[in-house]
Structure formats: structure tokens, C-alpha cells
Amino acid sequence: MSILPQKNELGFYEIRLESIGGLGANLAGKMLAEAGVTGSGLNGSNFSSYGSEKKGSPVKSFVRFCDPDVEIRDHSPIEQPHVVGVFHEALYTTVDVISGLRPGGTVLVNTARELSEVAADLNMTQGTLAAIDALRISVEEKTKVNTAMLGALFRICSFLNPDDMRQVIRKTFEKKLPHLVEANLRTFDRGYNEVQFLSLENDAELMDQAAFVRPQPILGYETQERGGILKVTANSVLKDLSSSRQGYLPEYKQENCISCAACDTVCPDFCIVWEQKPDKRDNLQMFMKGIDYQYCKGCLKCVEACPTSALSAMLEEPYYAQQHRVPQSFPYLTAEGVKS
Ligand code: SF4
Ligand code: SF4
């Protein structure tokens with residue numbers, strides 16, 4: 001008898017992990033598939049899809065399970081998963097993370113927020129929403145979010161045995177990083193025990209809303225500029241590096257700042273914002289105004305460089321970056337390019 005709770009028309013139970021480079025979704029997918037195959041005797045496959053491999057770029061990892069008598073001949077990306085794991089909330093703004101979720105499917109999100117708020121942000125109206133504060137767990141245990149996410153995924157995939165995953169964790173870390181074995185086992189167990197669930201309505205009409213939509217590129221052979229040029233110069237100003245942060249960001253206390261610019265010298269992403277205003281003697285000077293968190297990847301080089309206590313490392317809280325961001329201004333730029 002099959003241990004899989006649901007199967008698609010080809011006999012597969014499918015999981016899609018939505019992540020960004022650097023959070024370990026690729027490794028998590030591999031470990032999940034390995035535990036299912038070696039521990040539970042299932043047939044399984046895993047592969048990932050990513051672009052430039054740059055830290056902070058979107059990554060997808062796919063896991064397929066099926067009964068031992070079913071052959072896996074489908075190696076295409078998973079478009080209609082039973083489970084989706086979202087490793088970073090900043091992905092909502094750029095990727096339709098729940099696209100194609102099957103009726104009654106489960107979405108696991110790495111978040112510190114209320115489940116109802118997350119459901120509203122995802123526009124999720126059916127299935128089950130699961131939440132785990134994997135970032136906090138990984139910071140406290142000095143590990144990575146992927147192990148906490150794996151713990152929560154094992155709770156969702158109750159047909160898998162968590163002891164198999166514990167063995168895979170031991171095997172993965174004990175040769176090269178033996179000092180991380182216990183911390184990763186604790187992280188896995190915390191993910192397993194601390195995940196929370198919210199069941200949403202299962203109305204047939206609402207289920208249709210989750211139908212898979214294959215994303216189409218904005219620029220294709222019919223719409224691109226001649227020669228494939230990009231008309232918007234300096235288009236990196238449109239980038240949002242929030243998803244590159246892994247738990248920390250710099251907190252700015254203006255009352256302690258002497259506007260020495262040491263932070264600006266080391267910041268690799270031009271996040272420090274300045275304004276010109278008169279000093280005590282009425283001479284015009286440049287003063288530090290704040291940080292544009294849209295471009296901040298949380299490297300904390302500025303905190304190390306600051307000679308006063310104006311900058312310090314803080315654990316990122318939900319909405320902090322949006323509420324405290326001081327936007328850089330680009331007066332010479334328009335949506336069409338540089339103003340003449
Ligand atoms: S944390 Fe890094 S990227 Fe962010 S403001 Fe500081 S130096 Fe710049
Ligand atoms: S390094 Fe510190 S004191 Fe100097 S400008 Fe930056 S925040 Fe202010």
C-alpha cells in the first residue's frame with residue numbers, strides 16, 4: 001500500500017522550494033529527496049533551477065516522490081506542486097510563489113508574522129498555510145534557515161520519517177563540519193516542533209484561483225527593442241536586495257552620528273543617503289540622513305567601520321526596513337532613461 005497521501009496523474013507527490021541563492025534550498029531539496037529514498041524506500045528525484053547563481057537571485061528546487069514500482073521519467077520543473085516551501089518573504093514581490101498549488105496543498109513560509117497576514121499577502125484562499133520562523137531559529141542556533149525549513153517540511157510530509165533526516169544531516173556534516181552536527185540536529189528538531197498551521201477554506205470555486213500560470217517574459221521576440229537593447233539606463237536602481245539579507249541589518253541612530261562617511265566608504269551597494277544642510281556655523285555641509293534598505297544586503301561592513309555607536313547590527317523585524325528606509329533620490333532618472 002502506498003504511503004503517499006496524494007499523487008498526481010503520473011503517480012508523483014511533488015514539492016517545490018522557492019528560495020534565493022545563499023539560503024540553501026538546493027541542498028535542502030537534495031537532503032529531502034535522499035531521506036525519502038534511502039529511509040522510506042520511495043523512488044525520488046531532485047534538481048534545482050537557478051540563473052547566475054548570484055547570492056540573492058531566485059532559486060527553485062524540485063523534489064518528486066513516487067511508489068517504488070513507478071519509474072520517474074518526468075524531469076520537468078514542477079508546475080503544480082502538492083507542497084511549496086518559501087524560504088524568504090521578499091520573494092512575494094518578484095515571484096508568484098504559490099502558482100499552480102494543487103487543491104488542498106500546503107504552503108510553508110519562513111516568517112515571523114501572523115499566519116493570517118501571510119495568507120492575505122499571498123492571496124491564498126485554499127489549502128493549508130504553515131509558518132516557521134526559520135531565520136530566528138538559524139540565528140539562535142548559528143546554522144542556516146534550510147535545516148529549520150527541512151524540519152517543518154518533514155512535519156508536513158508526515159509519510160517521511162524524521163529519524164531518516166537526522167541520519168542524513170549527520171552524514172552530510174560530520175565529515176567536513178563535525179562541529180555543526182549537533183546545532184543542525186537541534187535546528188531540524190525546532191523546525192519540526194515549532195511550525196504552525198492555518199487551514200483555509202476549501203471551496204471548489206476558490207480552488208480554481210490557484211490554476212498554474214506560466215510566467216511570460218515582458219520582452220519577447222515581438223516586443224523587444226531592436227538589437228535587444230535595454231532603454232532604461234542605470235536600471236540597477238530598480239533592484240531590490242532585501243532578499244539577500246539573512247537575518248541582520250544595520251540600525252542607524254542619527255543622534256550618535258558624526259557624518260564622517262566611514263560607512264559610505266565601505267558600503268558596496270551605495271545604501272548610505274546624504275543631505276546637504278547648514279551646520280552650526282551656517283556653512284553648508286553633507287550630513288548622513290539614513291540608509292536605503294532597498295539596496296542593503298545586510299553585510300554589516302558599515303557597522304564594523306562606524307567609529308561611534310551610530311550603526312549597530314540588529315535582527316531584522318517584519319516591516320522594519322520598509323518603515324525606516326530613507327530612499328535614495330535619482331532626480332536625473334525617469335522610467336524611460338536619463339533626463340536630457
Ligand atoms: S549592511 Fe552592507 S550593504 Fe547594508 S548599508 Fe551596511 S555596508 Fe551597505
Ligand atoms: S560611520 Fe557612523 S558616524 Fe560615520 S557617517 Fe556612518 S553612521 Fe555616521
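The values are calculated or read from the model by the stated rules, or taken from the named source; none is laboratory data. Predicted, not measured: the structure shown is a model, and the values here were computed from it. Cβ atoms come from the backbone with ideal geometry, glycine included; neighbour counts cover every protein chain shown. These accessible areas exclude ligands, DNA and RNA; they are computed on the full protein's heavy atoms, side chains included. Shrake-Rupley method; radii C 1.70, N 1.55, O 1.52, S 1.80 Å.
Structure values in brief
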{"quantity": "Inter-label distance, nm, simple model (7 Å from Cα along the C-beta direction), residue 163/residue 7", "calculated": "2.6"}
{"quantity": "Residue 74-residue 94 FRET efficiency (beta carbon distance; Förster radius 25 Å; 0.05 resolution)", "calculated": "0.40"}
{"quantity": "Contact order normalised by residue count of segment 1-109, Cα under 8 Å, 6+ apart, percent", "calculated": "31"}
{"quantity": "Candidates 123, 283, 110, ranked by Gaussian network fluctuation over the chain, Cα under 10 Å, top entry", "calculated": "283"}
{"quantity": "The chain, helix-only ellipticity at 222 nm - DSSP H runs n ≥ 4, -39,500 (n - 2.57), divided by all residues, nearest 500", "calculated": "-7000 deg cm²/dmol"}
{"quantity": "GluC sites (Glu not before Pro) within segment 1-75: DSSP coil, no more than 16 neighbouring Cβ in 10 Å", "calculated": "9, 53, 71"}
{"quantity": "Dipole moment magnitude, nearest 20 debye, the chain about Cα centre, only Lys, Arg, Asp, Glu C-beta charged", "calculated": "1120"}
{"quantity": "Trypsin sites (Lys or Arg not before Pro) within segment 112-207: DSSP coil, no more than 16 neighbouring Cβ in 10 Å", "calculated": "113, 142, 175, 176"}
{"quantity": "Residue 269-residue 308 pseudo-label distance in nm [points 7 Å out on the Cα-to-Cβ vector]", "calculated": "2.5"}
{"quantity": "Inter-label distance, nm, simple model (7 Å from Cα along the C-beta direction), residue 197/residue 112", "calculated": "2.6"}
{"quantity": "Cα gyration tensor, the chain - rounded (a/c under 1.5), prolate or oblate", "calculated": "prolate"}
{"quantity": "Residue among 130, 152, 112 with the largest mean-square fluctuation in a Gaussian network model of the chain, springs linking Cα atoms under 10 Å", "calculated": "112"}
{"quantity": "Largest-first ordering by accessible area, 1.4 Å probe, given options 308, 94", "calculated": "94, 308"}
{"quantity": "Sparse-neighbourhood loop sites, GluC sites (Glu not before Pro) in segment 169-204 - DSSP loop, at most 13 other Cβ within 10 angstrom", "calculated": "201"}
{"quantity": "Reachable lysines from residue 144, criterion Cα separation under 23 angstrom, eight or more residues apart if same chain", "calculated": "30, 54, 55, 60, 171, 175, 176, 297, 301"}
{"quantity": "Exposure of residue 88 as accessible area (Å², to 10), given a probe of 1.4 Å and all protein chains", "calculated": "30"}
{"quantity": "Ratio of Rg to Rh over segment 226-313 (Cα coordinates, Kirkwood Rh, two decimals)", "calculated": "1.08"}
{"quantity": "Relative contact order, percent, the chain [alpha-carbon distance under 8 Å, six or more residues apart]", "calculated": "14"}
